[in-house]
Amino acid sequence: MFFLCKTNLKATRTSYCNEIYANVELIVVTTEHAKHFYDSKDVSAKIYSDSDEWEMWKQRSDPVLHIDLRRWADLMVIAPLDANTLGKIATGICDNLLTCIVRAWDLKKPLLFCPAMNTVMWEHPITATQVQTLKSFGYIEVPCIVKTLVCGDKGYGAMAEISTIVEKVKECLEQSP
């Protein structure tokens, strides 16, 4: 089995996913802003970012990375899904590699999203609308939890625990034909 994962998680968490699913190949797609949260040398998986999209494509008939990745993957996990990327996906904006893959995603394949943002952002009415939009596409939410957030506040909006996400991935892969 193969799956594609966008993440800005610590490398140890990415390695944890690999250890549990030794037969699963992991590709990480990162946004430019997410690069500030990890050291790519600590990630054992192949990492793609926006610049890779344009390095591969020079003229018509050249490979298009976001199309190749969506064909390759059996499952996609967006973890964490911040408010900015949530808004882009919900409205169809595809201005980076990640959002282009999502826009081209085969809706017969599972796409899991794991929201993570400050409590005030999470509780804003537009967030519920955007989450519902993603669910209407058939995407699967792995709900956020109450925890101490990056800003130091304690509240709802923290990304689900890695073990919860991994269990949901396992469940989706077991249900796939």
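A short reminder: the numbers here are calculations on the coordinates, not readings from a lab. Worth saying up front: this structure is predicted, and the values here are computed from it rather than measured. For neighbour counting, all protein chains shown are included, and Cβ atoms are generated from backbone atoms with ideal geometry for every residue, glycine included.
Checking [x] 80, 19, 17; [y] 47, 29, 14; [z] 24, 19, 17 against semi-axes √(5λ) of the Cα gyration tensor in Å calculated from these atoms, the matching label is [z]. Local charge for W72 was computed over the other residues whose Cβ lies under 12 Å away, with Lys and Arg +1 and Asp and Glu -1, and equals 0.
Residues considered: L134, L107, L86. Largest GNM mean-square fluctuation over the chain, using C-alpha springs under 10 Å, is found at L107. For the chain, modelled as a Gaussian network with Cα springs under 10 Å, which listed residue fluctuates most, T99, T30, T129? Among T99, T30, T129, the largest GNM mean-square fluctuation belongs to T129. Database remark: amide H of L81 closer than 5 angstrom to the amide H of C114, A116 (H placed geometrically; neighbours at sequence offset of 5 or more, or on other chains; Pro and chain starts carry no H). Dipole orientation for the range 42-174: of the candidates V131, M121, W57, V131 has the Cα lying most toward the positive pole (charges on Cβ; Lys, Arg +1; Asp, Glu -1).
With helices as the sole contributors, the chain gives -11500 deg cm²/dmol at 222 nm; each DSSP H run of n ≥ 4 counts as -39500 (n - 2.57), and the sum is divided by every residue. Looking at the range 21-175, the DSSP beta bridges with both ends there are about 30 percent antiparallel.
Taken along the Cα-to-beta-carbon direction at a fixed 7 Å, the label points for T133 and R103 span 1.3 nm.
Annotation: extensible slack from E25 through D39 equals 3.1 nm (criterion: 0.36 nm per residue apart, minus Cα-Cα distance).
In order along the range 37-46, phi translates into HN-Hα couplings of 9, 8, 9, 4, 5, 8, 9, 7, 7, 5 Hz, rounded to whole numbers, per the Karplus curve 6.51 cos²θ - 1.76 cosθ + 1.60 with θ = phi - 60° and x for Gly and Pro.
Distant-in-sequence amide contacts of V29, defined by a placed amide H-H separation under 5 Å and a gap of 5 or more residues or a different chain, comprise C5, K6, T7, Y48.
Diffusion coefficient of the range 42-110 by Stokes-Einstein, Kirkwood radius over Cα pairs, 25 °C, 0.890 mPa s: 187 µm²/s.
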